[in-house]
1. From the residues in segment 463-498 that are aliphatic (A, V, I, L, M) and open to solvent by 30 Å² or more (accessible area, probe 1.4 Å), which one is nearest to Arg35 (Cα to Cα)?
2. Pairs please, first residue from segment 98-113 and touching a residue at least 24 places away in the same chain (Cβ under 8 Å), second anywhere and small (Gly, Ala, Ser) and open to solvent by 30 Å² or more (accessible area, probe 1.4 Å), Cβ atoms under 6 Å, 6+ apart in sequence or on different chains.
3. Hey, among Asn327, Asn306, Asn351, which residue is of a type in the set (S, T, N, Q), at pLDDT 95 or above and touching a Lys or Arg at 6+ places or on another chain (Cβ under 8 Å)?
4. Is there a residue being of a type outside the set (A, V, I, L, M, F, W, C), part of a loop (DSSP other than H, G, I, E, B) and within 29 Å of Leu539 (Cα to Cα) anywhere in segment 9-32?
5. So, in segment 95-125, exactly how many residues are hydroxyl-bearing (Ser, Thr, Tyr), surrounded by 16 or more Cβ atoms within 10 Å (Cβ to Cβ) and under 15 Å from Lys194 (Cα atoms)?
6. Mind listing whichever residues of segment 337-373 are of a type in the set (Gly, Ala, Ser) and either exposed (fewer than 14 other Cβ atoms within 10 Å of the Cβ) or under 15 Å from Leu321 (Cα atoms) (or both)?
7. So Asp417 fits all but one of (1) at pLDDT 95 or above; (2) open to solvent by 10 Å² or more (accessible area, probe 1.4 Å); what number is the exception?
8. Among the residues of segment 431-453, write down those that are farther than 16 Å from Trp368 by Cα and open to solvent by less than 10 Å² (accessible area, probe 1.4 Å).
Amino acid sequence: MAPISALIGSTEDSARQILDAIESQFQLSDDALVRITDQFLKDFRLGLSEYNHPMAMIPTFVTGVPNGSETGTFLALDLGGTNLRVCEVQLKGNHQFTLRQQKYRVSEALKTGEATALFDYLADSVDAFLTEFPSSPNSAPPDPFATGSSALDLLDTSDSSPAVPLGLTFSFPVEQTALNRGKVLTWTKGFSAKNAIGHDVVQLLQDAFDRKHLHVRCVALVNDTVGALLSRAYTAGGCILGSIFGTGTNGAYVEKVENITKLGDSPARKHGGDMVVNTEWGAFNNTRTTLPTTPYDNKLDRESINPRLQAFEKFISGMYLGEITRNIILSLIDAAPYPILFNGRASALLNKHYGLDTAVMSEIEQAWENGRDQPSSNDKLVNGSHAISNASAAHPHPSLSTPTRHFTEVDKLSPEDRSRLERIRNIVIQRFALDAADVTLRDAAIVHWTSCLVANRAAKLSGCAIAAVLVQTEKAKLGGGFVPKDEKITIGVDGSLIEHYPNFNARLRASVRTLVGEEVEARLNIGLAKDGSGVGAALCALQATKQGL
Ligand code: BGC
């Protein structure tokens with residue numbers, strides 16, 4: 001009888017087959033990208049015409065974007081990312097702002113407990129901020145619109161004084177009915193607080209302020225994507241799309257009101273003009289008929305607290321990329337008949353649900369980048385203007401055009417590449433809490449390849465969402481060949497992936513280029529809307545107070 005190894009091939013052959021199969025599941029052809037973008041456009045149009053679709057296309061009642069001349073001082077509260085933030089934003093009126101902020105941790109118990117406890121905590125955090133961060137002695141008198149005044153100056157608790165106006169950035173799907181009203185549709189990103197769905201989020205917060213006798217009034221409600229859009233418009237003088245690629249993902253863009261047909265003959269629709277629409281694209285294709293799902297994605301979804309929801313977000317965002325990568329790594333540890341990674345050994349950390357943070361993938365890719373012969377400049381934020389360079393169009397990054405090889409013949413590596421892999425191996429040992437004896441250089445190469453595979457797919461899919469907005473707003477045509485009149489197409493972005501993940505922006509741009517052509521891609525002025533949530537909330541609070549809300 002033939003030895004078993006002859007029947008199933010050598011260790012190397014079997015590993016190669018398994019790795020090849022994984023690689024092909026994560027590849028996205030140009031045709032697939034076009035199909036996905038096309039489906040995006042169909043879902044945009046459906047969501048604009050009817051309520052209750054996963055791609056919710058929420059009218060925000062924000063009817064214009066700022067031009068940078070706005071002034072005033074406002075409090076902002078931001079819930080929805082990794083931290084809760086309270087800030088005081090001073091809009092200076094010359095495209096500039098200053099911001100003082102404090103971050104507060106939101107425990108798992110608060111995320112998943114009673115909504116009143118969560119909102120009480122928000123109110124307590126605002127209280128703590130107002131108490132702990134006294135206003136500067138030079139502050140002007142209490143006028144919410146006066147440049148130089150401090151929100152703290154407004155905290156005169158006498159009944160006759162106006163309450164401190166606060167803008168709430170609430171980064172979850174909310175069906176807005178006015179600038180200061182909206183019902184929570186669903187939780188995302190690991191939140192599941194009870195008795196919030198269906199309730200007005202502004203009221204939930206105001207009730208908490210009132211319970212604590214805080215002289216603060218929530219005057220505006222804004223999604224973080226809308227915040228990114230408004231704040232980028234404020235600093236850059238215009239913007240068509242605000243998008244977040246962080247813990248979650250989403251985009252808000254400027255739409256013609258006439259296209260938001262689900263508004264029927266409401267006053268807002270009759271008024272015409274433009275309105276910012278919050279797409280909630282994280283819920284794109286929850287049926288997964290178009291998304292290129294793999295067993296690793298299915299496992300993630302099944303084990304998540306919101307199975308069958310937020311499908312797109314689960315392919316894209318920082319909350320999930322580490323978990324997809326962990327799922328692949330575990331399958332390679334468990335591979336049969338021969339383990340492919342770490343001598344078949346895992347660690348408690350690797351066995352733990354969400355045990356692998358996306359930041360570790362970022363660190364691994366950075367370790368590879370650091371030793372490159374020609375360091376990439378095309379993915380970096382450019383100076384204080386917070387513009388993200390578009391140079392990637394002209395100089396494709398080697399690791400974008402050449403797929404990272406999963407089967408590295410370590411002996412044939414150059415000394416530079418070898419030392420880059422050494423660095424990755426050290427990170428793997430440390431961050432995965434593995435025994436050094438179980439981690440080879442080839443293991444390090446495979447972990448690097450896995451991270452690239454998952455992040456590359458995420459960035460390409462992110463490009464589909466951006467391309468869909470460009471087509472929807474008539475800035476581009478799917479397939480290319482359309483040259484927009486505008487010199488620059490300004491987009492505001494925020495979130496840990498786009499800001500920190502090596503090559504995410506360059507990979508995203510490569511995908512947009514495939515979809516809408518080089519000319520349009522070269523005109524994209526993608527800039528970081530740093531502090532967009534705070535500044536956007538302040539700008540909305542300004543609009544609300546002007547409207548007497
Ligand atoms: C939420 C969006 C939010 C995005 C980015 C998603 O999970 O549904 O409302 O904009 O995360 O924070």
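The values are calculated or read from the model by the stated rules, or taken from the named source; none is laboratory data. All values derive from a computational prediction rather than experimental measurement. All Cβ positions, even for glycine, are placed from backbone atoms using ideal geometry, and neighbour counts span all protein chains on display. Each accessible area value is taken on the protein alone, full model and side chains, heavy atoms only, with ligands, DNA and RNA left out. Shrake-Rupley method; radii C 1.70, N 1.55, O 1.52, S 1.80 Å.
1. Checked segment 463-498; the qualifying residue nearest to Arg35 (Cα to Cα) is Leu478.
2. Thr112/Ser192
3. Among Asn327, Asn306, Asn351, only Asn327 is of a type in the set (S, T, N, Q), at pLDDT 95 or above and touching a Lys or Arg at 6+ places or on another chain (Cβ under 8 Å).
4. There is no residue in segment 9-32 that is of a type outside the set (A, V, I, L, M, F, W, C), part of a loop (DSSP other than H, G, I, E, B) and within 29 Å of Leu539 (Cα to Cα).
5. Summing the residues that are hydroxyl-bearing (Ser, Thr, Tyr), surrounded by 16 or more Cβ atoms within 10 Å (Cβ to Cβ) and under 15 Å from Lys194 (Cα atoms) in segment 95-125 gives 2.
6. Within segment 337-373, Ala348, Gly355, Ala359, Ser362 qualify.
7. (1)
8. Matches in segment 431-453: Phe432, Val439.
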